[in-house]
Amino acid sequence: MLGEYRIEGRGAAEISASVEHAVAAGALEPGQLLPPMRELAERLGVNPNTVAAAYRVLRERGVIETHGRRGSRVRPRPATSGRESIRVDVPEGVRDVANGNPDPALLPRLAPAFAAAAERGDREPVLYGDAEIEPELARLARADLDADGVPAGPVVVTSGSLDAIERVLAAHLKPGDAVAVEDPGWGSVLDLVPALGLRLHPVRVDDDGPLPDDVRAALAAGARALIVTCRAQNPTGAAIAAPRARALREVLGEHPGTLLIEDDHGHRIVDLPLHPLAGTTRHWALVRSAAKAYGPDLRLAVLTGDEVTMGRVRGRQRLGPGWISRITQRAVVLLWAEGAVDAQAVAAAYGRRRDALIGALAERGITGRGRSGMNVWIPVPDETGAVARLLHAGWAVAPGARFRLKSPPGIRITVSSLTAAETGPLADAIASAVGAGAGEGRRYV
């Protein structure tokens, strides 16, 4: 059943650690069946309750899943070995269009802002007990949220979007709860949810966002939370349009107890308007990251939501990191207030590159998706083959498996730094790798 690997340990913590280590090292593979609890208990010379406790820990950590009499298996994509491992190593000389990064040429210079923030820190040191949020950052964030029609609520600062999403989920859910997620969707979220001991419930996506009927079915089936991307959805580029927002609000109105999390990481790189769902349910949060517009290494996001949720997030944060560096917050204020990023120009640049590739693909009989943001999603009949053939042709693309649960195969192209001269050769390579007509007739991506 386990090949050469032997689970070890006398206590629940040791047994679960042994399994988790084996999964991370590849000694236990996704889908592999684990021994029945009584059998393993007898082999280890421990009480069956000890093994049951170890298996429970592994389920809560998203390492294994249990299906009644069919037993316990390593999850198909265990949290211990995240989706970042499903990637292509880029050899020297191969063009990387898989990385999901913004164009460095469109990012602002950080040195002046950080120098000014540090100088102020020398004059006005931030000490224990001081305010956790830079007042001007809260004011600027709230003004932008108000302009976009986001309901009033406290502003909290976290270390990026994923940190915010994790804290909001932990504020309300318990292990075993189900979370409705976009499929295909952001691979990090698809890793995070099971790592928290929560269950994934996939919801299909088209160019306008999550499908209302799928969301309705997920919530009716017991999903306690819904995570949606407002704009520049990763990997498909979907953006929630006004009619879709109305339909989703109607569905959420039928389930007011749903925890709603909106990820607006496309803020300041997308020229499509925001159509927020916030306020439709009792507990909600909307997150905006500085990563795509100002630089991934800033590790800063602002979020707002209902009083209870934000209070829980802030309270738990105080017991961990305490706060996000006020020097970083002040640097972001300077970048924001001084207009270091021309949002319209950035959105237009990404739009030109995205539209150029989609147009070039269409000329070659290939369907590409990408309504907003910096990625193009291409449905393909053979994902593994397409990735391998493109790598051989000199292009590294992201395998769709990093972003999928039940949705059909695809590949993701990051166009953020794609030049006009590269667009045609890349489209030629894709057409050769996947064949004309790929993706045709598929409404859902």
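Computed quantities for the displayed model
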{"item": "Yes/no for R316 being over 18 Å from L226 (Cβ atoms), surrounded by fewer than 20 Cβ atoms within 10 Å (Cβ to Cβ), in contact with a Lys or Arg (Cβ under 9 Å, 6 or more places away or on another chain) and not acidic (D, E)", "result": "yes"}
{"item": "Only listed residue being in the same structural domain as P243 (by TED's automatic domain parsing) and either more than 14 Å from the chain's Cα centre (by Cα) or surrounded by fewer than 24 Cβ atoms within 10 Å (Cβ to Cβ) (or both), chosen from R288, R268", "result": "R268"}
{"item": "Candidates G365, G359, filtered to the one that is outside the structural domain of A293 (by TED's automatic domain parsing), part of a loop (DSSP other than H, G, I, E, B), more than 23 Å from the chain's Cα centre (by Cα) and surrounded by fewer than 22 Cβ atoms within 10 Å (Cβ to Cβ)", "result": "G365"}
{"item": "Flag if G129 is loosely packed, with under 14 Cβ neighbours inside 10 Å and modelled with pLDDT under 95", "result": "yes"}
{"item": "Residues within the range 19-76 that are in a helix (DSSP H, G or I) and either of a type outside the set (V, I, T) or closer than 20 Å to L200 by Cβ (or both), tallied", "result": "28"}
{"item": "Answer residue from the range 329-342, given it is at pLDDT below 95 and in a helix (DSSP H, G or I) and is surrounded by the most Cβ atoms within 10 Å (Cβ to Cβ) among those", "result": "W336"}
{"item": "Considering residues of the range 6-37 that are without any contact (Cβ under 8 Å) to a residue 12 or more places away in the chain and under 19 Å from T66 (Cβ atoms) only, the residue surrounded by the most Cβ atoms within 10 Å (Cβ to Cβ)", "result": "S18"}
{"item": "Listing of helices (runs of 4 or more DSSP H) fully contained in the range 98-179 that carry 3 or more residues being closer than 25 Å to L260 by Cβ and not polar (S, T, N, Q)", "result": "135-147, 161-172"}
{"item": "Residue match in the range 371-385 (condition: assigned to a helix (DSSP H, G or I) and of a type in the set (G, A, S))", "result": "yes"}
{"item": "Qualifying residue in the range 412-425 (condition: assigned to a loop (DSSP other than H, G, I, E, B) and within 29 Å of V203 (Cβ to Cβ))", "result": "yes"}
{"item": "Given (1) in contact with a helix residue (DSSP H, G or I) (Cβ under 7 Å, 6 or more places away or on another chain); (2) without any contact (Cβ under 8 Å) to a residue 24 or more places away in the chain; (3) surrounded by fewer than 16 Cβ atoms within 10 Å (Cβ to Cβ), index of the condition R139 fails", "result": "(1)"}
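The values are calculated or read from the model by the stated rules, or taken from the named source; none is laboratory data. If you're wondering where the values come from, they're calculated on a predicted model, not measured in any experiment. Cβ: placed from backbone, ideal geometry, glycine included. Neighbour counts: every protein chain shown.
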